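The values are calculated or read from the model by the stated rules, or taken from the named source; none is laboratory data. Note that the structure is a prediction, hence the values are computed from the model and not measured. For neighbour counting, all protein chains shown are included, and Cβ atoms are generated from backbone atoms with ideal geometry for every residue, glycine included.
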Amino acid sequence: MPTLKKKFEDAATDLAEAKAWYQEAQRRFDALYKMVVNTAKAKATSKVSDAEPGVSEHPVQPVNGTGEKMTITAKIEEFLAEHQDEAIHYRDIADAIGSTPNTCRTMLSLLSKDGKAVKVARGKWSYPSGTEPKLPRRGIQAFLH
């Protein structure tokens, strides 16, 4: 029958072997991961080099039909100008111009600093004008009118 000291030594040996096995497995994983990352980088680089020079993969798409490229802020300004008397949620604007909601919200904020857009309610934006935009009635306002 093994003594307590012998059992302790066996457990320590098993632990040392498991630790060495784990470190070897980690080293192999790291090597494979580096190969995958390098392969992905090489493919991305070859994709860019295969593209036509001066052509972006994500060009700014025109909205006004003139064929000229428009920035997101220009698209937002044009959209708001077309819907002057409406309060429009930034997500709806983003869908209409083909942008992400966060980008649209950021650009609307920049436009408001320049006086080219007005925040009329939480998430609702309008073209700057002298008239108050039409807001949907909610809560108590729906009962008062």
List, please: which pairs have Cβ atoms under 7 Å, are six or more places apart or on different chains, and start with a residue in the stretch 82-93 that is closer than 14 Å to Lys116 by Cβ and end with one that is surrounded by fewer than 18 Cβ atoms within 10 Å (Cβ to Cβ)?
Gln84/Ser129
Just for the stretch 105-122: of the residues that are at pLDDT 90 or above and assigned to a loop (DSSP other than H, G, I, E, B), which one is farthest from the chain's Cα centre (by Cα)?
Ala117
Could you tell me which of the residues Lys47, Lys69, Lys34, Lys41 is at pLDDT below 90, of a type in the set (Lys, Arg) and part of a loop (DSSP other than H, G, I, E, B)?
Lys69
